[in-house]
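Participant: Sharing a structure, written as structure tokens. Questions coming.
The numbers here are math on the coordinates, done by the rules we state, and not lab data. Note that the coordinates shown come from a computational prediction; the quantities given were computed from them, not determined experimentally. With ideal geometry, Cβ positions are generated from the backbone for all residues, glycine too; neighbour counts draw on all protein chains shown.
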């Protein structure tokens with residue numbers, strides 16, 4: 001499968017958004033992932049939410065649970081409420097281990113959990129699994145969207161919802177049937193090149209299809225320049241309302257032809273193309289016709305033929321409706337009786353009515369059209385509601401700003417995220433360092449495994465830990481004295497996660513004990529005892545790092 005960028009999909013780099021408040025964990029994850037993936041980093045939930053909808057959306061999100069201001073659960077809720085991000089897989093990164101916490105995240109829509117300290121092989125395996133599942137789901141979704149273009153939206157929806165089966169089956173229902181074509185189209189375009197005919201027809205069909213969708217019609221088929229539409233199946237508003245919607249749709253189509261003719265004249269097509277429309281209501285057979293190998297959802301019957309004959313009898317720009325349709329719409333739709341029509345296949349004259357299309361017609365001067373190389377603007381102000389006009393005006397202003405000449409001498413904005421190059425630089429600062437035999441308070445073998453065996457990365461993490469975590473107990477004490485229990489708990493939680501990640505032996509347990517005590521509201525005296533234990537174990541580890549880390553280590 002080939003992507004829009006022209007490369008096979010399996011060779012595309014996945015885009016991973018990491019939302020994690022710990023700088024050390026972000027650093028580790030970027031180092032682990034940036035070689036094979038494009039990594040976006042966010043230190044808070046609000047920044048992560050903004051990155052998730054800015055530019056190219058991420059393929060997967062790694063989301064920390066415990067963060068200040070907005071925790072991972074709230075971030076996940078907001079991702080789920082936004083249609084732009086609701087289907088992005090989310091893997092929680094958490095040091096929380098209770099079943100209740102896991103269930104809470106999964107109930108909110110999380111795809112998976114990865115516990116801290118992070119095991120890189122486990123994380124990479126989970127990422128690979130969910131990225132493959134997401135890619136497969138995306139391919140199915142793309143295929144379904146492509147197939148949907150060959151079906152009426154209502155039929156497509158009913159098939160995917162399971163309310164309709166792809167089997168040969170029909171039923172008899174009262175429908176309102178619509179036929180239209182462009183008068184003298186074949187003769188007028190006989191000397192045109194096929195590409196010119198195709199361009200005009202596709203622009204016409206696109207506009208008419210959009211109107212049909214707006215009125216809830218079932219678009220049956222295109223036959224040359226003709227369109228067949230019906231109302232009443234697979235969805236119906238009731239026989240009378242279906243007929244009203246059909247006639248209103250026909251009037252909207254006739255009005256839309258004014259803007260289309262302006263567009264075509266701008267393309268150098270000066271012929272005055274006009275459409276004629278016939279509408280009839282009556283009982284038809286509707287459903288799947290064909291064979292087990294190939295079937296078509298369509299309609300057949302005398303009433304379908306009558307709608308086609310009315311279209312053929314209509315004048316250019318006219319809408320003819322049968323007496324049955326007129327009986328359903330009179331009182332809401334104005335129409336004048338015309339002389340009965342003699343039609344092929346019908347032995348008796350057919351009473352017909354011509355619909356009034358002048359009332360509420362498109363107001364002169366309210367269609368804006370421009371079509372030139374690199375620019376196409378087509379605005380029909382009759383179809384822009386008052387509520388949407390401000391947004392439309394804002395969009396046009398943005399387009400004008402984009403067209404203004406840019407100052408090429410202005411420096412490019414710096415990226416807010418440290419990309420893979422930053423990790424490479426940090427790791428490259430360690431050149432064959434002397435590997436310490438042992439460090440008090442640290443399991444070197446365990447920490448190295450959690451850094452995927454990459455000694456430069458691991459030593460860099462130890463340097464960051466030494467320089468950034470030595471004063472955490474003092475920060476916790478200040479938060480406790482200020483009565484800010486949430487900050488104190490988060491500081492303890494973050495220290496626990498990073499300490500476990502580097503293979504610290506005593507610090508994670510002491511940090512967890514303090515975190516739990518703060519969460520449970522223990523007395524200040526109890527908290528001070530636990531904080532003293534943490535100061536002791538962390539101080540021992542930091543002293544060992546001061547003495548044992550290679551002097552050539554560059555501290556990022």
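Participant: For the range 297-318 and the range 469-527, write down the distance between their C-alpha centroids in whole Å.
Facilitator: 78
Participant: Which whole-number percent gives the relative contact order of the range 153-367, counting Cα pairs below 8 Å spaced six or more residues apart?
Facilitator: That works out to 24 percent.
Participant: Determine, for each peptide in 46-53, 523-530, the mean count of other beta carbons within 10 angstrom over its residues, then list the peptides with the highest first.
Facilitator: Ranked from most to least packed, the peptides come out as 46-53, 523-530.
Participant: Same structure, new question: Provide the packing ranking of 334-341, 513-520, 116-123, 261-268, i.e. peptides ordered by the mean count of other C-beta atoms within 10 Å per residue, highest first.
Facilitator: Per-residue mean Cβ counts within 10 Å order the peptides as 513-520, 116-123, 261-268, 334-341.
Participant: At 7 Å along Cα-to-Cβ for each site, give me the label-to-label distance between residue 141 and residue 332 in nm.
Facilitator: Taking the two extended label points, one gets 3.7 nm.
Participant: Diagonalise the Cα gyration tensor of the range 445-500 and give the resulting equivalent ellipsoid semi-axes, square root of 5 times each eigenvalue, largest first, whole Å.
Facilitator: Taking √(5λ) for each eigenvalue gives 28, 11, 6 Å, largest first.
Participant: Gap in Å between the Cα centre of the range 229-293 and the Cα centre of the range 118-140?
Facilitator: Taking the Cα centre of the range 229-293 as reference, the centre of the range 118-140 is 46 Å away.
Participant: Calculate the length of the line joining the C-alpha centroid of the range 27-42 to that of the range 60-74, in whole Å.
Facilitator: The range 27-42 and the range 60-74 have Cα centres spaced 17 Å from each other.
Participant: Hey, can you rank 170-176, 494-500 by average C-beta count inside 10 Å, highest first? Present the calculation step by step, with values, prior to reporting the outcome.
Facilitator: Numbers: 170-176: 18.7, 494-500: 26.3.
The peptides rank, most packed first, as 494-500, 170-176.
Participant: How high is the FRET efficiency between residue 347 and residue 172 when r is their beta carbon distance and R₀ equals 25 Å, given to the nearest 0.05? Spell out each step's value before the answer.
Facilitator: On the way: r = 23 Å, r/R0 = 0.91.
Computed FRET efficiency for residue 347 and residue 172: 0.65.
Participant: May I ask for the Kirkwood hydrodynamic radius of the range 153-367, worked out over all distinct Cα pairs and given in angstroms to one decimal?
Facilitator: About 18.1 Å for the range 153-367.
Participant: Which ordering of 326, 356 is given by a fewest-first count of other beta-carbon atoms within 10 Å?
Facilitator: 356, 326
Participant: Restricting to Cα pairs below 8 Å that are 6+ residues apart, what does the relative contact order work out to for the range 430-548? Please round to a whole percent.
Facilitator: 34 percent.
Participant: Shifting gears a bit: With N residues in the range 9-148, what two-decimal value do you get for its Cα radius of gyration over 2.2 N^0.38 Å?
Facilitator: 1.01
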